[in-house]
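Here is the structure we will look at.
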Amino acid sequence: MDIIPKQNRLTGEPQQPKDRRVRLSRMRMNPRRKRFLLIFISVFLLTIGGIVTSAWYLNFYLPPRVQSAVVNETEFDQGDLVKRVRMIQAATGYSETNITLTDVLRILYNPDLDVSAGPFNLGMVQLELLIQASDEFDVDISDSDIDSFVSNVFGADVPPGQETTQDQLDREFQERYRSYLNFNRITEDEFRRLALEQLTFLEMVHAMAENIAEEIEHVDVSWIRVPLVPDPIAASTDTFEDVRAVRERALIEGFASVASDYSENFVYALNNGSVGWIPRGAFPDLDPWLFGTKESPGMELGELSEGIQSGDHFIIAQVNDGPKVMEVGARWRSKLREQLLESWVEDRFEKGTSEGWVAINFDSGLYEWTVEQLMQTAGQKRGFP
């Protein structure tokens with residue numbers, strides 16, 4: 001005899017056997033066990049989330065906010081440093097594909113300062129020193145000055161004879177300006193900061209002229225400039241020689257002959273090494289040899305100096321005449337202004353670091369992130385689109 005399962009009174013469908021309900025009830029989780037599993041899952045997810053968050057914080061959030069330098073109340077972080085390199089690349093139209101830690105540190109503070117190379121040769125800290133001290137030299141760069149600078153850079157050049165309206169010129173200016181900012185991913189405030197630095201730099205150079213006398217002691221000089229390191233593209237292999245060997249050659253072969261081998265079309269010297277009359281202070285590294293000091297006299301006429309380190313060269317100098325007090329010419333007045341500004345920046349930096357209101361974080365590990373960020377965009381075209 002077949003057993004007919006009971007039917008559900010409402011649906012008429014057969015009811016499931018009682019033993020299946022038992023099995024299902026046994027499969028239901030114990031409430032305590034369920035709470036334990038939920039807690040375990042929550043802790044696991046929080047742990048994983050914490051690891052991910054920590055990695056994101058350490059690798060993405062924290063690095064750009066790590067302080068690089070401080071000048072009084074002005075602080076610079078790693079993010080500022082990355083922006084500055086990209087801004088300089090945009091302003092100069094140059095994008096290096098092999099960026100090193102040394103390159104990055106020079107953007108922050110350049111120990112080999114050369115004012116004659118322009119404001120981009122100064123580091124962020126050095127430019128900030130100029131801006132903060134501008135009042136001391138009655139240098140005041142207004143918003144109007146910056147507006148004029150921007151207008152000169154991006155304003156349209158109207159060919160002679162071509163008619164145009166001011167509205168057309170304004171529209172073209174705005175189009176070129178915005179296109180440049182967008183192309184190089186620079187904000188307007190960031191570009192105006194660059195303009196402020198350049199204008200302050202130029203005004204500070206001119207302000208130094210007030211410290212230059214009309215007449216200064218001069219000497220007539222010739223020199224041989226020997227690179228500190230071998231130059232792989234130099235035409236002469238003599239750049240690899242020891243500076244003492246070069247000096248010996250000059251004594252035997254003649255000064256002008258050897259000087260011509262090392263001629264680099266240097267702005268201050270002819271191919272035969274002749275520099276002419278130069279004033280005291282134009283090349284401070286050479287002054288003790290050329291003009292002497294309180295403790296010792298300068299070189300004798302016709303005497304050759306030993307190798308004098310000056311920047312990235314050794315100088316073998318020869319005094320041909322002088323010393324003589326002379327009026328400072330325009331070329332040397334410009335050189336003296338630049339040299340005075342270099343000395344002022346170096347002295348101000350030393351003063352700030354010794355007194356504690358200038359500080360630079362030279363932890364190389366922190367700058368690895370900066371180099372990595374720059375390498376991601378290295379080689380990309382910058383400048384005008």
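The values are calculated or read from the model by the stated rules, or taken from the named source; none is laboratory data. Everything numeric here is computed off the predicted structure, so don't read it as measured data. Heads up, the Cβs are rebuilt from the backbone with ideal geometry, glycines too, and the neighbour counts pull from every protein chain shown.
For this structure, a couple of remarks:
- Answer residue from region 265-286, given it is touching a Gly at 6+ places or on another chain (Cβ under 9 Å) and surrounded by fewer than 19 Cβ atoms within 10 Å (Cβ to Cβ) and is nearest to GLN318 (Cα to Cα) among those: TRP277
- Qualifying residue in region 345-352 (condition: modelled with pLDDT of 95 or more, loosely packed, with under 15 Cβ neighbours inside 10 Å and not acidic (Asp, Glu)): yes
- GLU306 more than 15 Å from GLY281 (Cα to Cα), modelled with pLDDT under 95 and not in a helix (DSSP H, G or I): yes
- Residue satisfying all of: in region 124-166; among the polar types (S, T, N, Q) and not in a helix (DSSP H, G or I); nearest to the chain's Cα centre (by Cα) among these: SER142
- Some residue of region 301-311 being touching a residue at least 60 places away in the same chain (Cβ under 8 Å), crowded, with 17+ Cβ neighbours inside 10 Å and over 21 Å from SER260 (Cα atoms): no
- Where a residue in region 274-285 is assigned by TED's automatic domain parsing to the domain that holds GLU264 and without any contact (Cβ under 8 Å) to a residue 60 or more places away in the chain and its partner, wherever it lies, is buried (at least 17 other Cβ atoms within 10 Å of the Cβ) and hydroxyl-bearing (Ser, Thr, Tyr), with Cβ under 9 Å and at least six apart: SER274/SER222; VAL275/SER222; GLY276/SER222
- Among the candidates ASP143, ASP138, ASP114, the residue that is within 21 Å of GLU188 (Cβ to Cβ) and either in contact with an Asp or Glu (Cβ under 7 Å, 6 or more places away or on another chain) or at pLDDT 85 or above (or both) is uniquely ASP143.
- Picking from residues in region 251-284 that are hydroxyl-bearing (Ser, Thr, Tyr) and not in a loop (DSSP other than H, G, I, E, B), the one that is farthest from the chain's Cα centre (by Cα) is SER257.
- Of PRO288, PRO230, all but one fail to be modelled with pLDDT of 90 or more, under 26 Å from LEU113 (Cα atoms), not assigned by TED's automatic domain parsing to the domain that holds SER116 and not in a strand (DSSP E or B); the exception is PRO288.
- Scanning region 190-210 for residues that are farther than 17 Å from ASP135 by Cβ and more than 18 Å from the chain's Cα centre (by Cα) returns a single hit, ALA209.
- Condition met for ILE186 (of a type in the set (Val, Ile, Thr) and within 30 Å of ASN211 (Cβ to Cβ)): no
- So PHE349, is it part of a loop (DSSP other than H, G, I, E, B) and either out of contact with any Asp or Glu (no Cβ under 8 Å at 6 or more places or on another chain) or more than 30 Å from ALA69 (Cα to Cα) (or both): no
- The residue of region 107-123 that is surrounded by the fewest Cβ atoms within 10 Å (Cβ to Cβ), among those that are assigned to a helix (DSSP H, G or I) and aliphatic (A, V, I, L, M), is ALA117.
- Residue in region 128-135 that is at pLDDT 65 or above and more than 30 Å from TYR180 (Cα to Cα) present: yes
- Qualifying position, being surrounded by fewer than 13 Cβ atoms within 10 Å (Cβ to Cβ) and under 27 Å from ARG348 (Cα atoms), among ASP138, ASP167: ASP138
- Looking only at region 177-189, and only at residues there that are more than 15 Å from VAL153 (Cα to Cα) and of a type outside the set (A, V, I, L, M, F, W, C), the one that is surrounded by the fewest Cβ atoms within 10 Å (Cβ to Cβ): ASP189
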